[in-house]
Protein chains: 2
Amino acid sequence: MFFAYTVGMHARHARGTRCRRRVGAGRWAVRARVERFVEPAILLLLRERTLHGYELIDLLPELTGGERIDVGNLYRTLRALEDDGIVTSEWSASLPGPAKRTYELTGEGRRLLDLWAEALRESQSIVASFLKRHDERR
Amino acid sequence: MFFAYTVGMHARHARGTRCRRRVGAGRWAVRARVERFVEPAILLLLRERTLHGYELIDLLPELTGGERIDVGNLYRTLRALEDDGIVTSEWSASLPGPAKRTYELTGEGRRLLDLWAEALRESQSIVASFLKRHDERR
DNA sequence: CGCAACATATGTTTTTTGCATATACTGTCG
DNA sequence: CGACAGTATATGCAAAAAACATATGTTGCG
């Protein structure tokens with residue numbers, strides 16, 4: 001079956017599936033990303049204001065360096081966050097357009113965001129010292 | 001069956017299996033790591049001198065912030081790197097103790113390391129701007 | 001009406017990481 | 001000498017994370 005409109009297509013623009021992939025004879029493409037980075041990214045956006053899933057899809061690239069998140073996994077992540085008490089959601093019938101689920105950060109979510117920030121700072125210092133060591137003797 | 005000596009035990013010291021895990025009521029532990037970070041770490045160590053697997057196990061924590069890598073996966077990674085022409089290995093019967101496979105970085109491996117460094121720098125700037133935004137309005 | 005855009009969701013596969021187990025050699029201490 | 005700790009490499013399998021594919025319904029507009 002053919003779909004004129006496929007959300008998944010948004011997420012595809014010259015990415016590969018792997019972290020490192022061959023792009024020619026002896027040529028590689030590498031990308032370095034933080035594991036599960038979407039989670040803190042979602043939390044940060046939600047701390048600023050309540051949002052629904054589709055808005056997050058548009059806003060997340062601001063934080064991920066332009067990379068679009070997989071839509072299916074976003075909604076799954078949101079529901080997981082809700083199960084864990086990190087966000088709450090509400091169907092907002094009021095807004096125009098199709099039904100939207102609006103997400104809000106809880107107090108626990110705010111604390112989790114701060115933990116993520118701490119962890120990211122540690123990661124920054126680990127990577128920084130890697131880069132320092134890399135640049136030392138070239 | 002019980003094993004007095006299990007290499008895997010080295011790798012266990014109060015880690016969880018997940019990136020984020022619950023450690024109490026409303027309490028979480030988070031760790032932020034770069035995907036596949038062991039790879040550049042191995043390459044950096046091998047650029048400095050040739051090493052065998054077991055030495056890498058001891059040296060890698062220097063670069064990963066103390067975290068010990070899973071031994072089984074280390075050897076698998078090394079073989080994958082060799083398949084990709086990034087390292088070469090040699091059985092060194094000369095050295096005392098059990099047979100050791102000594103790994104050396106190839107020219108391609110050196111180039112890949114530089115690509116990793118570039119990618120890590122990009123990741124640093126993404127995370128840095130996340131943290132900036134996080135710290136702005138508290 | 002037909003179609004594009006909006007919105008949420010599930011199913012499946014691949015990649016990456018974690019954990020358990022297997023095997024073998026070497027040095028040493030009792 | 002022999003049990004045992006330490007060194008060294010390896011495979012099998014499970015779980016977590018990410019990518020990819022598909023499904024479904026609403027709304028607005030030409």
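Observations, loosely collected:
- Separation in nanometres of the label points that stand 7 Å from Cα toward Cβ, at residue A:73 and residue A:28: 2.1
- For residue A:100, the residues whose modelled amide H falls within less than 5 Å of its own, excluding neighbours fewer than 5 places apart on the same chain, are A:92.
- Net charge of neighbours whose Cβ lies under 11 Å from the Cβ of residue A:109, counting Lys and Arg as +1 and Asp and Glu as -1: -3
- Inter-part distance, the range A:13-57 to the range A:82-138, computed on C-alpha centroids, equals 13 Å.
- Note on residue A:132: lysines with a C-alpha under 26 Å away, same-chain residues under 8 apart excluded, are B:132.
- All other residues whose Cβ lies under 14 angstrom from that of residue A:79 are scored, Lys and Arg at +1 and Asp and Glu at -1, for a net of -3.
- Normalised by 2.2 N^0.38 Å, where N counts its residues, the alpha-carbon radius of gyration of the range B:35-136 equals 1.24.
- Solvent-accessible area of residue B:28, all protein chains in place: 30 Å² (probe radius 1.4 Å, heavy atoms, ligands and nucleic acids excluded).
- Amide H contacts under 5 Å for residue A:34, placed H, 5+ residues apart: B:35
- A versus B: buried accessible surface, summed, Å² (probe 1.4 Å, to nearest 100): 5100
- Here the accessible area is traced with a 1.4 Å probe on the protein chains. For the range A:33-136, carbon and sulfur cover 51 percent of it.
- Cut-off 9 Å between beta-carbons: net charge of the residues surrounding residue A:92, Lys and Arg +1, Asp and Glu -1: +1
- Distance between the pseudo-spin-label points of residue A:80 and residue A:128 (7 Å out from Cα toward the beta carbon): 2.9 nm.
- The heavy atoms of residue A:132 present about 130 square angstrom of accessible area, all protein chains included, probe 1.4 Å.
The values are calculated or read from the model by the stated rules, or taken from the named source; none is laboratory data. Remember, predicted model here, so these are calculated numbers, not experimental data. Backbone-built Cβ (ideal geometry, glycine too); neighbour counts: all protein chains shown. To get the accessible areas, we keep the full protein, side chains included, count just its heavy atoms, and leave off ligands, DNA and RNA. Shrake-Rupley method; radii C 1.70, N 1.55, O 1.52, S 1.80 Å.
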